[in-house]
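Only one structure is covered here, and it is reproduced in the block below.
The values are calculated or read from the model by the stated rules, or taken from the named source; none is laboratory data. This is a predicted model, so every value here is computed, not measured. Because the Cβ atoms are built from the backbone with ideal geometry, glycine has one as well, and the counts that use them run over all protein chains shown.
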Amino acid sequence: MLTINFDLSSFEEVEIVPIADVHIGNPLCNEALLKQIVDYVLEEPENENCARICLLNGDLCETVTRHSLGDPFTQVYSPQTQVALMLKYLKPLTETSEKYPQGKILSYCAGNHDHNRQYKDSGVSAATSIACGLGLEDRFSTEGCYSFIKLKELYSNRDKIVYTVYNQHMTGGGTTVGGKANRVSKITNGLVADLVVGSHVHSPITFKEDIILPNTRSQKLNQQTITYVVTNAFLSYGDYAQRAGLKPASTAVPKIFLRQNRMYVQENKKRVADMRIKKIEVLL
């Protein structure tokens with residue numbers, strides 16, 4: 001499994017904007033929304049202690065072939081042009097700085113459109129071409145990405161806090177909200193992370209589940225919350241969704257905030273210890 005160490009130790013919290021299922025080349029693709037989201041990620045938040053980054057989660061390009069599902073003759077750009085356009089849109093997000101030593105792209109997991117279909121037909125992958133063009137070879141996977149995000153500690157005498165994030169494009173369908181939620185929860189079988197991001201089903205959804213983990217050092221049981229997020233698509237209604245009688249999907253792009261909270265432990269009306277609490281909030 002690909003693991004990524006992402007350094008944001010200049011910041012106390014981070015906002016993650018997932019970009020997935022753009023399907024550039026599809027006549028229903030909303031390129032204006034893509035540009036708007038990229039510009040948003042490039043902007044600095046009003047809170048100077050908050051970083052703003054994105055993750056790429058597959059199907060950035062349509063790349064339908066003659067031997068795959070879909071109609072290759074209705075694409076508005078050739079597969080080669082689709083790759084070139086995605087590089088044009090996303091390249092500014094790779095610029096590095098003192099605060100963003102690795103740029104603003106956390107990871108890139110390929111999808112069935114920008115990798116599987118084209119690769120099986122020709123041995124060429126639009127997703128691999130995009131990852132190489134952006135210099136993300138060490139943060140790119142066709143299976144799933146597990147990231148460790150290091151943030152600044154709220155206390156000067158403690159180690160920096162680390163969030164864990166797992167993102168995968170996902171496979172399979174789901175026509176109901178429950179079915180799509182089940183799909184993203186299944187990709188974590190045997191895997192634990194603070195945040196899990198899935199795509200492919202074109203509906204922004206978020207929910208939380210708690211699990212119990214043993215702490216062998218303290219010989220106690222710890223309860224950990226996993227936050228699940230399913231991402232949107234950048235497609236207007238029509239085409240396959242309309243022919244199949246599916247509901248129009250929201251194009252609202254989730255915004256995920258990883259924030260540390262202070263919690264004080266009191267005993268006999270005196271504060272005897274303080275703890276860090278990981279908190280994840282999602283805005284749709």
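Within region 1-45, the set of residues being among the aromatic types (Phe, Trp, Tyr) and out of contact with any Phe, Trp or Tyr (no Cβ under 9 Å at 6 or more places or on another chain) comprises Phe11, Tyr40. One residue stands out among those in region 70-84 that are closer than 13 Å to Cys29 by Cα and surrounded by fewer than 19 Cβ atoms within 10 Å (Cβ to Cβ): the one that is modelled with the lowest pLDDT, which is Thr74.
Just one of the numbered conditions (1) under 24 Å from the mean Cα position of the chain (by Cα); (2) among the small types (Gly, Ala, Ser); (3) in a loop (DSSP other than H, G, I, E, B) is not true of Ala241: (3).
Looking at region 87-101 only, could you name the residues that are surrounded by 18 or more Cβ atoms within 10 Å (Cβ to Cβ) and touching a Ser or Thr at 6+ places or on another chain (Cβ under 9 Å)? Once the filter is applied, which keeps residues that are surrounded by 18 or more Cβ atoms within 10 Å (Cβ to Cβ) and touching a Ser or Thr at 6+ places or on another chain (Cβ under 9 Å), region 87-101 yields only Tyr100. When region 54-81 is limited to residues that are closer than 20 Å to Ala20 by Cβ and among the charged types (D, E, K, R), the one that is farthest from the chain's Cα centre (by Cα) turns out to be Glu62. Scan region 70-81 residue by residue and report those that are of a type in the set (A, V, I, L, M, F, W, C) and in a helix (DSSP H, G or I). Listed by number, the list holds a single entry, Phe73.
Out of curiosity, is Ser122 at negative phi, buried (at least 19 other Cβ atoms within 10 Å of the Cβ) and among the polar types (S, T, N, Q)? For Ser122, the condition - at negative phi, buried (at least 19 other Cβ atoms within 10 Å of the Cβ) and among the polar types (S, T, N, Q) - is not met. If you filter region 36-69 down to residues that are polar (S, T, N, Q) and assigned to a loop (DSSP other than H, G, I, E, B), you find that the one that is surrounded by the most Cβ atoms within 10 Å (Cβ to Cβ) is Thr63.
Only one of the numbered conditions (1) within 30 Å of Lys99 (Cβ to Cβ); (2) over 20 Å from the mean Cα position of the chain (by Cα); (3) in a helix (DSSP H, G or I); (4) touching a residue at least 24 places away in the same chain (Cβ under 8 Å) is violated by Ala84, and that is (4). Against the condition touching a residue at least 24 places away in the same chain (Cβ under 8 Å) and buried (at least 21 other Cβ atoms within 10 Å of the Cβ), how does Asn5 come out, does it pass? Answer is no for this residue. Of the residues screened, Asp114 is one that is touching an Asp or Glu at 6+ places or on another chain (Cβ under 6 Å) and assigned to a helix (DSSP H, G or I). Checking each residue in region 231-284 for being at pLDDT below 85 and aliphatic (A, V, I, L, M) picks out Ala241, Ala244, Leu246, Ala249, Met263, Val265, Val272, Ala273, Met275, Ile277. Counted as qualifying within region 158-235 are the strands (runs of 3 or more DSSP E) with 1 or more residues that are touching a helix residue (DSSP H, G or I) at 6+ places or on another chain (Cβ under 7 Å) and surrounded by 11 or more Cβ atoms within 10 Å (Cβ to Cβ), namely 195-198, 205-215, 220-230.
Residues of region 244-263 that are surrounded by 13 or more Cβ atoms within 10 Å (Cβ to Cβ) and either of a type in the set (Val, Ile, Thr) or not in a loop (DSSP other than H, G, I, E, B) (or both): Thr251, Val253, Lys255, Ile256, Phe257, Leu258, Arg259, Gln260. Can you find a residue that is under 15 Å from Asp59 (Cα atoms), assigned to a loop (DSSP other than H, G, I, E, B), of a type outside the set (Ser, Thr, Tyr) and touching a residue at least 60 places away in the same chain (Cβ under 8 Å) anywhere in region 131-143? Yes; the residues of region 131-143 include at least one that is under 15 Å from Asp59 (Cα atoms), assigned to a loop (DSSP other than H, G, I, E, B), of a type outside the set (Ser, Thr, Tyr) and touching a residue at least 60 places away in the same chain (Cβ under 8 Å).
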